[in-house]
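See structure below.
Every number in this text was worked out from the coordinates using simple rules, so none of it is lab data. Treat the numbers as computed from the prediction; the structure is a model and nothing was measured. Reconstructed Cβ throughout: ideal geometry from the backbone, glycine too, with neighbour counts over all protein chains shown.
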Amino acid sequence: MQSRNPKKSTRSRIIESAKKLFAEQGYQKTTVIDISRQVGLSEAALYEYFKNKEDLLLTIPDLWVSDLLADLDGQLFGIKGTVNKLRKFFWWYLRQVEQSPLDAKIVYLILKTNANFMTTEVFSNVKILYSHLLDIFEEGRESGELRPNLKPYLARAIFIGTMDHIITRWFLKNMSYSLFDNLEELFNLMVDGFRNPSTIAANHDGEEANGIKLNKEC
């Protein structure tokens, strides 16, 4: 069945072709001619949809990040407790990366090194996405679940930096393993630095009790 909007369909095909070529060949090595040939258009026809190669590059992650923003509120809805919300964010975000590796690879290995990245709408949407973390850290500080002297901006930097390291390393290792290998242990090490010391002790007591129970059942 043919698309009722051929122009929109062609634009989508251009984006998908560019996404694959950027991810496989790299941004610098990919030319507008490469993309137009992949789609079956002339170079002049491609310029009817995008101003230049950089315009096309910035469109790819913009769509992906917009989808993430639309999904996040629903993912966090009804979850109680700061650590539970942080865990959900952590797992959800890495799952999105694993499910959309081409989009994520362009963001992490190409776009973040682009000098114009911080002036784009993509960057504005990324800031909105990460602002949810500030709200979560502030909520945890006020509830007593996290350290009362915790600085939300610093905590967010640590949280995002950890995710970025995990994702970038995964791409540099050619995605040869799951992002979720040893993730629970890493998450707990990180979050223990945020927790109120009294809640750390209680949490570890609970884990030890569960361990004893499991051992008895084995």
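Below is a table of values for the structure above.
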read-out	value
Estimated FRET transfer efficiency (S176, E48; beta-carbon r; R0 25 Å; 0.05)	0.05
Rounded tilt (10° steps) of 197-217 against the dominant C-alpha axis of the chain	80
Three-way shape label, region 18-67, alpha-carbon gyration tensor, a/c 1.5	oblate
Helix 6-25 axis, angle to the chain major axis (alpha carbon atoms, nearest 10°)	70
Whole-number percent relative contact order across the chain, with pairs defined as alpha carbons under 8 Å at least 6 apart	18
GNM flexibility winner over the chain from E48, E145, E98 (Cα, springs under 10 Å)	E48
Ellipticity estimate at 222 nm from DSSP helix runs (n ≥ 4, -39,500 (n - 2.57)) divided over the chain, nearest 500	-23000 deg cm²/dmol
0 to 90° range, to nearest 10: angle between helix 121-143 axis and the chain longest Cα axis	10
Identified option (computed Cα extents along the principal axes in Å; candidates (1) 56, 39, 30; (2) 67, 40, 35; (3) 70, 37, 20)	(2)
Part-to-part distance (alpha-carbon centres) for region 117-142 and region 71-92, which is given in Å	14
Global form of region 82-125, assessed from the alpha-carbon gyration tensor, a/c cut-off 1.5	oblate
GNM result for the chain, Cα springs below 10 Å: residue of N174, N196, N114 fluctuating most strongly	N174
Candidates L179, L189, L109: whichever shows maximal mean-square fluctuation once the chain is modelled as a Gaussian network with Cα springs under 10 Å	L189
